[in-house]
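Asks: Got a structure for you, questions after.
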Amino acid sequence: MKKFKLGIALGGGGARGLAHIGILDALAKGGLSIDAISGTSMGAVIGALYAVDADERAVEKKVAGFITSGPAREAACFFSKKASSRPFGKILSAAKQFFIMNRAVTGPSILSAEQASAIFNEFQVPETFDGLKIPFYSVATDLGTGDEKVFCSGKLKAAVLASSSIAGIFPPVQINGSYYLDGGSVNSVPVSALQPYCDFVIACDVRPARKIISRFDQGLAILSRTDAISSYKLADLQIEKADFIIRPNTHNIHWADFKKMGYCIEQGRIAAQACLKELKKAIWRAKVRSLPGRLFSKNAAVLSK
């Protein structure tokens, strides 16, 4: 009989994505074994690290090392929204914004490829997909075609970097002649990447809270708002395809606020624990529904890559 396969899709969200560590920890301690993982952006980073040996403590340790590293601290400070109320602090904030806008207009990204690589190397993601304990699928956006690209073999480090390269901030990543960026543009919580292989898919949604805005005075703000609405609505439709959704209370955390690591992980753990009983019931019902198909399936029980 074909094995019932449980997959988990980890969404993007920068620092908010650290909640995935707490979710994975709670599910493992709750007796649920993950058979496949997909990830976008930070979800790809956490997913790749967890897929190595399904050890959430090892993932947390590596992420903590990243956060305390020099390149990561510099980047977090650079993109933080916090600004000093003192006159000199305001001058520095204005200068920083001018620098950001200048780099964004005159070049492909604010950070160089070397800076992006230095930051990303701190995560210690393995070089290739070979040897992963759990099948893993990294989702990125093909900048040339606009299509979704799912990586599941070859160079893991490059695939995760591509999935995590935020447009305008990090430069596109070249893989086999094509250029890729953050997968959040096409699939922020990649449920669909797992559906061909799994009988039940859990979606972990760590998107920011949707802001209510009542006044618009600039055309650029209106364009930005309409683009944000389209992205959010697309993600809503994609996430609804999941069999179960976990939404940690991290919606108001800024994507670059990695100092909130402990809080985000704990919120992920709390969210997963709160719905664990309901989740297990949903999985049991899915196992019953899928039993005839799995019983007479000719497919191999091994998850195909």
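Asks: Can you give the accessible area per residue of region 155-259, in Å², using a 1.4 Å probe?
Replies: Details: 5510 Å² over 105 residues.
Dividing the accessible area of region 155-259 by its residue count gives 52 Å².
Asks: Which of the three applies to region 1-55, rounded, prolate or oblate, going by the alpha-carbon gyration tensor with a ≥ b ≥ c and a/c under 1.5 meaning rounded? All intermediate terms of the calculation are to be shown ahead of the outcome.
Replies: Details: a/c = 2.19, a/b = 1.61, b/c = 1.36.
It comes out prolate by the Cα gyration axes.
Asks: I want to check the label-to-label distance for L234 and S290. Put each point 7 Å from Cα in the C-beta direction and report it in nm to one decimal.
Replies: 2.8 nm
Asks: If the viscosity is 0.692 mPa s and the temperature 37 °C, what translational diffusion coefficient in µm²/s does Stokes-Einstein give for region 178-235 when Rh comes from Kirkwood over Cα pairs?
Replies: On the way: Rh = 14.0 Å.
Result for D is 235 µm²/s.
Asks: How big, on average over all directions, is the shadow cast by the Cα convex hull of region 181-272, in nm²? Each step should come with its number before you reach the end.
Replies: On the way: hull surface 30.5 nm².
Result: 7.6 nm².
Asks: Using the per-residue mean of other Cβ atoms lying within 10 Å as a proxy for protection, in what order, highest first, do the peptides 23-30, 286-293 fall? List each step's numbers first, then the result.
Replies: Details: 23-30: 20.5, 286-293: 12.6.
Ranked from most to least packed, the peptides come out as 23-30, 286-293.
Asks: Tell me, what is the FRET efficiency for T145 and Q124 to the nearest 0.05, using R0 = 30 angstrom and their Cβ-Cβ distance as r? The partial results should precede the final answer.
Replies: Working: r = 31 Å, r/R0 = 1.04.
The formula returns an efficiency of 0.45 here.
Asks: Under 5 Å between amide H atoms, partner at least 5 residues away or on a different chain: which partners does Y179 have, H built in plane at 1.01 Å?
Replies: The list, which skips near neighbours in sequence, is L143, G144.
Asks: I'd like the FRET efficiency for Q174 and S33, computed as 1/(1 + (r/R0)^6) with the beta carbon distance as r and R0 of 35 Å, rounded to 0.05. All intermediate terms of the calculation are to be shown ahead of the outcome.
Replies: On the way: r = 36 Å, r/R0 = 1.03.
After rounding, the FRET efficiency stands at 0.45.
Asks: Tally up the carbon and sulfur contribution to the accessible surface of region 227-285 as a whole percent, 1.4 Å probe, everything protein left in place. The partial results should precede the final answer.
Replies: Numbers: 1910 of 3520 Å².
Summing carbon and sulfur atoms, their accessible area is 54 percent of the total for region 227-285.
Asks: Over all directions, the average projected area of the alpha-carbon convex hull for region 150-305 comes to how many nm²?
Replies: Working: hull surface 51.4 nm².
The Cα convex hull of region 150-305, projected and averaged over all directions, gives 12.8 nm².
Asks: My understanding is that a pair violates if its Cα-Cα distance is over 29 Å; which of K133/K280; K2/K133; K3/K61; K211/K287; K62/K241 do that in this structure? List each step's numbers first, then the result.
Replies: Values: K133/K280 23 Å; K2/K133 19 Å; K3/K61 32 Å; K211/K287 38 Å; K62/K241 31 Å.
Result: K3/K61; K211/K287; K62/K241 exceed 29 Å.
Asks: So for each of 246-255, 180-189, 225-234, 1-10 I average, over its residues, the number of other beta carbons within 10 Å; can you give me the resulting order with the highest mean first? Don't skip to the answer; put the middle values down first.
Replies: Details: 246-255: 19.5, 180-189: 26.0, 225-234: 12.0, 1-10: 22.0.
My ranking of the peptides, most packed first, is 180-189, 1-10, 246-255, 225-234.
The values are calculated or read from the model by the stated rules, or taken from the named source; none is laboratory data. In this text the structure is predicted, and so the values were computed from the model without any measurement. With ideal geometry, Cβ positions are generated from the backbone for all residues, glycine too; neighbour counts draw on all protein chains shown. Ligands, DNA and RNA are excluded from the accessible area calculation, which covers all protein heavy atoms including side chains. Shrake-Rupley method; radii C 1.70, N 1.55, O 1.52, S 1.80 Å.
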